[in-house]
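The values are calculated or read from the model by the stated rules, or taken from the named source; none is laboratory data. Fair warning: this is a prediction, and the values are worked out from it, not measured in the lab. Using ideal geometry, Cβ is built from the backbone for each residue, glycine included, and neighbour counts are taken over all protein chains shown.
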Amino acid sequence: MENEEKAPDKLYYSIGEVAALFNVNASLIRYWEKEFPIIKPKKNKKGNRFFTKMDIENFHIIYHLVKERGMTLKGAKLKLRENKDDAVNNFEIIKVLKDIREKLLEIKEEL
């Protein structure tokens, strides 16, 4: 998620919006939904998925574990099952550090 965009402030997000946010295919979003029980989208009568902010946060954690840290799906599931708080805390720390780095680079360019 190098070109990480901020999610618009909405109650529900379509699968296309979630896929675009993470720059992945919608099929990967559906697959992760099946593999990780922490992802629980709402579905309408047609079966369209609508993801909440909590689902988006969980996708961020899964994306971090699988895509950025290179864990296998099995390893990521185990990490989330056994020590989710640790994974969430690590993700939050990395997110803050990336924001600080981005601000420092902006300051450097201004100098």
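Quick rundown of the values:
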item: Number of positions in region 37-51 that are under 15 Å from residue 27 (Cα atoms) and in contact with a helix residue (DSSP H, G or I) (Cβ under 7 Å, 6 or more places away or on another chain); result: 4
item: Output for region 36-47, where each listed residue is surrounded by 15 or more Cβ atoms within 10 Å (Cβ to Cβ) and either within 20 Å of residue 87 (Cβ to Cβ) or touching a residue at least 40 places away in the same chain (Cβ under 8 Å) (or both); result: 36, 38, 39
item: Residue in region 61-72 that is nearest to the chain's Cα centre (by Cα), counting only those that are in a helix (DSSP H, G or I) and over 12 Å from residue 38 (Cα atoms); result: 63
item: Test result for residue 77, surrounded by 15 or more Cβ atoms within 10 Å (Cβ to Cβ) and at pLDDT below 90; result: yes
item: Qualifying position, being free of Cβ contacts under 8 Å to residues at least 24 places away in the same chain, over 18 Å from residue 22 (Cβ atoms) and assigned to a helix (DSSP H, G or I), among 108, 98; result: 108
item: Residue check, residue 56 part of a helix (DSSP H, G or I) and touching a strand residue (DSSP E or B) at 6+ places or on another chain (Cβ under 8 Å); result: yes
item: Residues of region 73-95 classified as closer than 25 Å to residue 28 by Cα and either among the hydrophobic types (A, V, I, L, M, F, W, C) or outside any helix (DSSP H, G or I) (or both), total; result: 8
